[in-house]
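J.: Have a look at this one.
The values are calculated or read from the model by the stated rules, or taken from the named source; none is laboratory data. Since this is a predicted model, take the numbers as computed values, not measurements. Methodologically, a virtual Cβ is constructed for each residue, glycine included, from the backbone with ideal geometry; neighbour enumeration extends over all protein chains shown. We work out accessible area using only protein heavy atoms, side chains counted, and drop any ligands, DNA or RNA first. Shrake-Rupley method; radii C 1.70, N 1.55, O 1.52, S 1.80 Å.
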Amino acid sequence: MVDVTANSYTAEQRALLALWSVPGLGPRTLERLRSFARGGLASLAACPVRDWLAEAPLAPPVRRRLAEVSTLEPLATRLLERCARAEMGLAFQGEPAYPARLAETDDAPPLLFYRGQVGPPRRRAALVGSRHPDQGFLPFARTFARRVAEGGVGVVSGAAAGVDRACHWGAMDAGGETWAFLGSALDELDPAQARLLPHFLARGGVFFSELPPGVRASTTTFPRRNRLISGASDAVVVLRAGVGSGSLYTAEAGRAQGRAVLALPGDVLNEAAAGCNALLRDGHARACLSVEEVWRAVGILPHRHVPPAEGSSWEELSVEARGAYQVLNRVPKSFDEVLAGSQLSPAALTSALVELELSGFVIQHPGRLFERV
C-alpha cells in the first residue's frame, strides 16, 4: 500500500496539498501564489490565512473559501486522511510515479492521485474515441489496442464507455501497460469504472486523477482531464469520433502540446467517423492506416511480427473488407491498384484494409503496398 501518512511529506508538499484541495484553485494560480509567497508555499502555511489572504493573487470564489479556515494545515491533514481511506497514492511532479511527459506540458497539475502500480518509463500512445461508436467497432478497437500494446507501447485513455474502455481491455489482453485518466476523483468512480478498477489493479494498470478526493465528474472536469491523456502520451490516436465526440478535445490538446496526432479514416457517409474525417480534412491529424504507424509515431519499431488476433475469422469481416481481400494476392499491390479493382470509395477502402491488417489477413509493406498473408 502507498504510504500517505502525515510524516511522508515536506512542509512545502503539505502546503501544496492544502491549497490543491480548495475548489477553483488550479496549476496557474499555484504558480502565482509561489511567486507571491517568495519563501515558497510553506511560508503561507506557517502563519494564519488571514495574514496573507487579502493580498494574495486569488479569484474571489477561492478567496471566500480560504477565508473559512484559520490555517492551511487542517486542509492537508483532511486530504491525506481521505487518500488513506481510499488507498490512493500521491505523485508530485518530479517523482517516479508522476508521468514525465505530462510534467513537460503547460498547465500540468502539480500532483496526481493514483491507484495501481506505476511502471518504468516507456513510450505511450493515447487511444481514444467515442462513447457510442458505430455497431461492430468496439471489437476492432480492442484488437487494435492489443496489437499496439504487443509492440511494447503503453495504452493511455479515459476509462469512458465505448472506445476508451475497449482500448484498455485490449492492452490488458496483451499483458501490456494501460493508464486511465479520470474526470472525477478516484473515490467518486461511476459503477462501470468501479468494476473496471480491480482488473487494472490485478493486471498492472493505473487509474490517475488530478482531482482531490470527493470531486465528482462534471461537464467541466472531462475536457480538463483530456489534456492529461494527451500530455502523458507520445502520440494521440483518435480511433472513432463523431463531430461532437469528447475525444476531439484530446486531439486538440495533443496538437497544442506538440504530440503527433493520428486519426483512423472512416466512410464519408458514416456519421460516427465524421470527427476523424474532419481532423484529416483540416490537416489536424495524419491518417492512421496500421498499428505500425502508431509504433512509428511514438518512436518504436518492434523487431518482431505481431501475430493476428486469435480466432480471427472470415465471417467476422465486413463486406467491404471481404471485397478488398478478393482484389489482393501474394504479389503486393498499391493502394490505387486495390482501389481500381474494389469498387469502394477511398475512405471505405482505407477502413477495409485496416480491418484486414488487424485481423491478420493482410500485410502492409512500406510504400502502402498490400499483400495477402
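J.: Taking the stretch 264-273, which residues are of a type in the set (A, V, I, L, M, F, W, C) and surrounded by fewer than 20 Cβ atoms within 10 Å (Cβ to Cβ)?
T.: Keep residues of the stretch 264-273 that are of a type in the set (A, V, I, L, M, F, W, C), which gives 264, 268-269, 272-273.
Residues satisfying the conditions are 268, 269.
J.: Under 23 Å from the mean Cα position of the chain (by Cα) and touching a residue at least 40 places away in the same chain (Cβ under 8 Å): is that true of residue 87 in this structure?
T.: Here the answer is yes, as residue 87 does meet what is asked.
J.: Could we say that residue 76 is over 30 Å from residue 120 (Cα atoms) and out of contact with any Pro (no Cβ under 9 Å at 6 or more places or on another chain) here?
T.: Spelling it out, it is not the case that residue 76 is over 30 Å from residue 120 (Cα atoms) and out of contact with any Pro (no Cβ under 9 Å at 6 or more places or on another chain).
J.: From the list 294, 331, 306, which one is of a type in the set (Val, Ile, Thr), at pLDDT below 90 and either open to solvent by less than 40 Å² (accessible area, probe 1.4 Å) or assigned to a helix (DSSP H, G or I) (or both)?
T.: 306
J.: Within the stretch 251-260, how many residues are out of contact with any Lys or Arg (no Cβ under 8 Å at 6 or more places or on another chain) and either closer than 15 Å to residue 159 by Cα or assigned to a loop (DSSP other than H, G, I, E, B) (or both)?
T.: Total satisfying the criteria: 2.
J.: Please go through the stretch 163-187 and give me each residue that is within 12 Å of residue 207 (Cα to Cα) and either among the acidic types (Asp, Glu) or outside any loop (DSSP other than H, G, I, E, B) (or both), ordered by number.
T.: 168, 177, 178, 179, 180, 181, 187
J.: On to the next question. Just to verify a result, which residue in the stretch 114-141, among those that are among the charged types (D, E, K, R) and assigned to a strand (DSSP E or B), is nearest to the chain's Cα centre (by Cα)?
T.: 124
J.: For the stretch 109-128, enumerate the residues that are closer than 26 Å to residue 62 by Cβ and either touching a Gly at 6+ places or on another chain (Cβ under 6 Å) or open to solvent by 10 Å² or more (accessible area, probe 1.4 Å) (or both).
T.: Those that are closer than 26 Å to residue 62 by Cβ and either touching a Gly at 6+ places or on another chain (Cβ under 6 Å) or open to solvent by 10 Å² or more (accessible area, probe 1.4 Å) (or both): 110, 114.
J.: Could I ask something else about it? Within the stretch 30-50, work out how many residues are within 32 Å of the chain's Cα centre (by Cα) and open to solvent by 20 Å² or more (accessible area, probe 1.4 Å).
T.: The qualifying residues number 4.
J.: In this structure, is residue 69 more than 30 Å from residue 266 (Cα to Cα), among the aliphatic types (A, V, I, L, M) and surrounded by 15 or more Cβ atoms within 10 Å (Cβ to Cβ)?
T.: yes
J.: Looking at the stretch 9-28, is at least one residue farther than 17 Å from residue 185 by Cβ, within 29 Å of the chain's Cα centre (by Cα) and in a loop (DSSP other than H, G, I, E, B)?
T.: yes
J.: Is it the case that the stretch 146-156 has a residue that's basic (Lys, Arg), within 22 Å of residue 110 (Cα to Cα) and touching a residue at least 40 places away in the same chain (Cβ under 8 Å)? Lay out the reasoning, then the answer.
T.: Looking only at the stretch 146-156, we keep the residues that are basic (Lys, Arg), and these are 146-147.
Narrowing the set further to residues that are within 22 Å of residue 110 (Cα to Cα) leaves none.
Within the stretch 146-156 (the criterion being basic (Lys, Arg), within 22 Å of residue 110 (Cα to Cα) and touching a residue at least 40 places away in the same chain (Cβ under 8 Å)), the answer is no, since none of the residues qualifies.
Residues checked against (1) surrounded by fewer than 24 Cβ atoms within 10 Å (Cβ to Cβ); (2) under 12 Å from the mean Cα position of the chain (by Cα); (3) part of a strand (DSSP E or B):
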residue	(1), (2), (3)
195	yes, no, no
201	yes, no, no
204	yes, no, no
214	yes, no, no
226	no, yes, no
229	no, yes, no
243	yes, no, no
249	yes, yes, no
262	no, no, yes
